[in-house]
Structure formats: structure tokens, C-alpha cells
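To start, the structure under review is shown below, and the notes come after it.
The values are calculated or read from the model by the stated rules, or taken from the named source; none is laboratory data. Computed from a predicted model, the values in this text were never measured in an experiment. We place every Cβ from the backbone using ideal geometry, glycine too, and count neighbours over all the protein chains shown.
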Amino acid sequence: MTTGKAALVLFTCGALVAGCGSAGSASRTTAATSRASHELKTPLNAALAWFRAIDAKDRRQVLAAFAPGNSSATSWSQWGVDSWPTFSAVKCKEESRTPSAATVACTFSESQAPSAGNRVSFWTVSFMRAPQGRWLIDNYGQG
């Protein structure tokens, strides 16, 4: 084999390997994005994702769970994440759903935290459906 042909074969093999690596990364990224989108396709999954975001101290995801303009329900999120409670034994059940609104009842064990005040063991979470199909929190509490 001549030097030119050997270089061409080596280049082609390298390009194929590089292409496979890129395709694998793209497919993993697409799968993660698809999974995240799927999590918000039902009110129940959106509620569970919100609790996971609180426990992960992920302020961006916590705020993204709320309907735009709902700053009164998220005022506690402005405190340092170290002051947020954590939730264990979270169990949620969808209570009602229409095409544009839903209610999910959640029970949990809440840790003591400076932002928590009196610990509670349940919340009712109300959702509205955004135009792109995501379920966003428009209210939560005991009531």
C-alpha cells in the first residue's frame, strides 16, 4: 500500500470513529432532553420533578416549575438553598385533571429547615398547562 493510500485509510477510519462518538453523545443528550420533557407531560410527574429539584437545591429547576408571574409562591426560593428543607417519602396522587388544569395531592416527610417554619406533611399542588404542553405550578399549600 502506498503512503497516500495508507493515509487516506487512516483518515477515513479516524473520521468514522469521530462520527460515531459524536452520534453517541447526541443520542445521549437527546435521550436526556426527551426524558426531561416527558417528566413534565403529566401533572403527577411535574410534581415529583419539583420535589426532586428542591432536594437537589436546583433553584433554576425549582423556579422553572412555576407558571410565569407567580412570584408570591416562589419567594422562599430566594433564600439561600442551604435554608431549604428536604423531602423524603414523597408520594403524590393526581386528584383531578382537565385539558388545562390539574390538582395533585402530595404527602411527605419534611426536614426541619430555617425556611420551613412549621413542618408539614402534605401539600395540594395546583397546575396549569402551558401552551407548549408542560404542566406548571400555579399554587400549592394546605387547602
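Observations on the structure shown:
- Scanning segment 62-91 for residues that are of a type in the set (Gly, Ala, Ser) and either farther than 15 Å from Trp50 by Cβ or at pLDDT 90 or above (or both) turns up Ala64, Ala65, Ala67, Gly69, Ser71, Ser72, Ser75, Gly80, Ser83, Ser88, Ala89.
- Condition check for Ser34: surrounded by 10 or more Cβ atoms within 10 Å (Cβ to Cβ), of a type in the set (Ser, Thr, Tyr), closer than 16 Å to Asn139 by Cβ and at pLDDT below 95: no
- Thr107 being in contact (Cβ under 8 Å) with a residue 12 or more places away in the chain and among the hydroxyl-bearing types (Ser, Thr, Tyr): yes
- Of all residues making up segment 70-99, the number that are under 19 Å from the mean Cα position of the chain (by Cα), surrounded by fewer than 13 Cβ atoms within 10 Å (Cβ to Cβ) and not polar (S, T, N, Q): 3
- Qualifying residue in segment 82-103 (condition: over 16 Å from Lys41 (Cα atoms), touching a Pro at 6+ places or on another chain (Cβ under 9 Å) and small (Gly, Ala, Ser)): yes
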